[in-house]
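Notes follow the structure.
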Amino acid sequence: MEEPEKRQDQNGLGNTPGQNGFALEPEGEERTVLEESEIEAVRKNLAEQMARAEDYYQRLVRMQADFENFRRRAAREKEDFYKYAAEQLVESLLPILDNFELALAHGRETPDKLFEGVEIIYRQIVDTLAAQGLSPIPSVGEIFDPSRHEAVMQEQTSNHPDNIILEELRKGYLFKEKLLRPSMVKVARSK
């Protein structure tokens, strides 16, 4: 029996095929078939991975388009909300406007009824605005509150305690518990 041919590596160490854990390489046609099957497996795996990557990319493109559509729709809805927010209030004021027109038309014919018509319209306006959340700020006889009242005058008096509101010069309002406009008031100062 012949000994396998000894090979020497760079360091001059002997290396025999199959020795020291080195596998024997297939030779010739056997090697080509093995490499082709490996290449085919790699190609198949690559094709699967590329198909998966293309699927992920298409999902990403769809998600970006969906998000952009959502963003546009939300912006349009927000714009419409602000644009038409007062619609309900304006609609509730239309009957009052109609009554004003009637009062003016009949006031020319019977001036004594004009004042009565204006009072009715005033009550309708107050009720409509109250239904929307508007409420007057109590003032006269109350203690001055700088967060709700604006003192524009002071009166020296011994009849009232200090910081009591004596007169309301312009009515203030809250809109759903938020200050809309402070009351302009005259405040007592003790002598």
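The values are calculated or read from the model by the stated rules, or taken from the named source; none is laboratory data. None of these values were measured; they are calculated from a predicted model. So basically every Cβ, Gly included, is an ideal-geometry build from the backbone, and we count neighbours across all protein chains shown.
Tell me which residues, restricted to segment 146-191, are more than 27 Å from Thr128 (Cα to Cα) and out of contact with any strand residue (DSSP E or B) (no Cβ under 9 Å at 6 or more places or on another chain).
Scanning segment 146-191 gives a single hit, Pro146.
Just need a number here: residues in segment 91-133 that are closer than 27 Å to Leu179 by Cα and either small (Gly, Ala, Ser) or assigned to a loop (DSSP other than H, G, I, E, B) (or both).
5
For the condition closer than 20 Å to Lys178 by Cα and in a loop (DSSP other than H, G, I, E, B), what is the one hit in Pro138, Pro161?
After ruling out the rest, the residue left standing is Pro138.
Conditions tested, residue by residue: (1) crowded, with 16+ Cβ neighbours inside 10 Å; (2) outside the structural domain of Leu93 (by TED's automatic domain parsing); (3) within 20 Å of Leu89 (Cβ to Cβ); (4) without any contact (Cβ under 8 Å) to a residue 60 or more places away in the chain.
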position: Val126; (1), (2), (3), (4): no, no, yes, yes
position: Leu129; (1), (2), (3), (4): yes, no, yes, yes
position: Gln132; (1), (2), (3), (4): no, no, yes, yes
position: Pro138; (1), (2), (3), (4): no, no, no, yes
position: Phe144; (1), (2), (3), (4): yes, no, no, yes
position: Ser147; (1), (2), (3), (4): no, no, no, yes
position: Glu150; (1), (2), (3), (4): no, no, no, yes
position: Gln154; (1), (2), (3), (4): no, no, no, yes
position: Ile164; (1), (2), (3), (4): yes, no, no, yes
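Determine whether Tyr122 is among the hydroxyl-bearing types (Ser, Thr, Tyr), surrounded by 10 or more Cβ atoms within 10 Å (Cβ to Cβ) and either outside the structural domain of Ile165 (by TED's automatic domain parsing) or in contact with a Pro (Cβ under 7 Å, 6 or more places away or on another chain) (or both).
No; evaluated as a whole, the condition is false for this residue.
What about Val61, is it surrounded by 10 or more Cβ atoms within 10 Å (Cβ to Cβ) and either in contact (Cβ under 8 Å) with a residue 24 or more places away in the chain or within 24 Å of Gly172 (Cβ to Cβ) (or both)?
no
Determine which member of the set Asn159, Asn99, Asn163 is over 25 Å from Ala188 (Cβ atoms) and polar (S, T, N, Q).
It is Asn99.
Tally up the residues in segment 168-178 that are surrounded by 14 or more Cβ atoms within 10 Å (Cβ to Cβ) and more than 28 Å from Ala86 (Cα to Cα), please.
Summing the residues that are surrounded by 14 or more Cβ atoms within 10 Å (Cβ to Cβ) and more than 28 Å from Ala86 (Cα to Cα) in segment 168-178 gives 1.
Could you check Asp127 against (1) acidic (Asp, Glu); (2) more than 30 Å from Gly172 (Cβ to Cβ); (3) at pLDDT 80 or above and say which number it fails?
Of (1) acidic (Asp, Glu); (2) more than 30 Å from Gly172 (Cβ to Cβ); (3) at pLDDT 80 or above, only one is false for Asp127: (2).
Residues Glu29, Glu40, Glu25: which one is in contact with a Pro (Cβ under 9 Å, 6 or more places away or on another chain) and either surrounded by 10 or more Cβ atoms within 10 Å (Cβ to Cβ) or modelled with pLDDT under 95 (or both)?
Answer to the check: Glu25.
Would you check which residues across segment 61-95 are of a type in the set (Lys, Arg) and under 28 Å from Val126 (Cα atoms) and list them?
Lys83
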